[in-house]
Structures are given as structure tokens and as C-alpha cells.
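J.: Shown below is the structure under consideration.
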Amino acid sequence: MLKKSEKKKERGKKKRNPGGQPGHEGKTRKGFGRVDRICILKAEQCSNCGQKLATSEAVKVETQQVAQLVEKPIEIVEYQRHLVRENQDYSRYFHWATQFKLKVQQTLKRWCEKAGYEAGKLLRNLKLKASQWRYFLDHPEIPPDNNLAERALRLAVTKRKISGGSRSMRRFEDMADNLSVIQTCRFQGRSVVNFFASALKASVGIEEQPSLVPNFCT
């Protein structure tokens, strides 16, 4: 059986007092490296008798740095940029658009006969479908890219990667309809939950069928 070993007590040795020992070189904290604010403390009366001091001139200045918590160490700033549309006609824009379309037509006419098969096919398609790809020139409120459509499809693509797709065409169509409703509500700033709740109530005749068609003011 193993017994716990006992340390032999050293006889004749004085017990060591806590703290720094005689002859030990002391070290003083050098501070935090910066000072954000200086607070001067001056005594106005004697701490012993309570009488008002005749002079306020200090004979010695003791410094002590204290790190303390402030009410709001970080300030969160929200910048709201207001976009203002000038109250003027679009005559300058439509003039530029007209000049641009004319230049494109002249370029297509110039290079259609000189280009090769693949390049010529592309130029002929641009010429035949000019009213489609330049639609945004006649309607400035329509963006010239399809980034909005790509962002709308991102949710469906992510779900397909996770679940691997639907097992039937019916389920695929149902999922496409639901995702279309979700994205349309997001773009219109409407609550998806409230829309589906209204649709369920409308299916049993409690409310009218909600619509996703925006109301354009004329």
C-alpha cells in the first residue's frame, strides 16, 4: 500500500513574510501609454482641521492613471443619403439616346457585310432585335442589366443545391410559385407571413384574395 509522502519541515529557517523581500528591486507600472483626459484634483480645505486653505499652490503632484468604462465606447453612425430627382424634362437624355441608337445602327450596317459567319450572325441578331435590347434607352426607369432577375433566382438556386431539387414536376411548380411570391413580397417591402396568412383566409372565404400586382399612380 502506497503512502503519501510527507515533506520534511526545515528546522531553524525563519518564516518568509508575504510581499517584496528586503533588497528586492521594485517595479512600478508605467501607465497605459496614452491619456485621453486629465482631471486635476485640488484640496480646498485641510483634511485635519477642516479650515479653508490659505493657498492653492501645490507643493507636490501625484499622478495615478485609471482605466474606467465610459457610457458609450463605440458610436454607431447611420448615414442616410437622400437621392433627389431634379424637376426637369428628359430632353437632354433622349437626345443622347437618339444619337447613341443612330451610331449603333451605322456601325451595324457598316460591319454586317464584312464580318465572318459567327460575328455576322451576332450583328444580324442585334439589328433584328434592336427594339428589345435598347428598350431601356426609351424607358430610363428600366435598368439596362438583368441583375434584379439574377438576385430573384438566387433563393431558388440555393434551395436546389441544398435539397437536390424536387421529386415531381408538381412539387417543382409549387415551389417555384411559393418562391416567386416570397421574392415579390421582398421587393415590394411587404410581409411574406402576412401575405400567406391573407391567402389562407381568402381560401376559406374570410378575406378577399390578396394581390401582388403593384398599384401604379397615374
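J.: Cβ contacts < 6 Å: first residue within 11 Å of Thr63 (Cβ to Cβ), restricted to the range 22-46; second residue surrounded by 10 or more Cβ atoms within 10 Å (Cβ to Cβ) and modelled with pLDDT of 75 or more, any location; separation 6+ or different chain. Result?
T.: As it stands, the answer is Gly31/Gln65, since those pairs meet every condition given.
J.: Moving on to the next point. Got a sec? Which of Lys121, Lys114 is at pLDDT 85 or above and either over 30 Å from Cys39 (Cβ atoms) or open to solvent by less than 100 Å² (accessible area, probe 1.4 Å) (or both)?
T.: Checking each option against the conditions leaves just Lys121.
J.: In addition: Here are some residues: Lys9, Lys42, Lys30, Lys4. Which one is open to solvent by 100 Å² or more (accessible area, probe 1.4 Å), charged (D, E, K, R), in a loop (DSSP other than H, G, I, E, B) and at pLDDT 70 or above?
T.: Lys42
J.: Which residues, taken from the range 177-195, are open to solvent by less than 70 Å² (accessible area, probe 1.4 Å) and either among the aromatic types (Phe, Trp, Tyr) or touching a Ser or Thr at 6+ places or on another chain (Cβ under 9 Å) (or both)?
T.: Residues satisfying the conditions are Cys185, Phe195.
Residue-by-condition table, conditions (1) surrounded by 13 or more Cβ atoms within 10 Å (Cβ to Cβ); (2) farther than 30 Å from Gln99 by Cα; (3) touching a helix residue (DSSP H, G or I) at 6+ places or on another chain (Cβ under 8 Å):
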residue	(1), (2), (3)
Ala130	yes, no, yes
Leu155	yes, yes, yes
Thr158	no, yes, no
Arg171	no, yes, no
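The values are calculated or read from the model by the stated rules, or taken from the named source; none is laboratory data. All of these numbers come straight from a predicted model, not from anything done at the bench. Virtual Cβ from ideal backbone geometry, glycine too; neighbours counted across all protein chains shown. We work out accessible area using only protein heavy atoms, side chains counted, and drop any ligands, DNA or RNA first. Shrake-Rupley method; radii C 1.70, N 1.55, O 1.52, S 1.80 Å.
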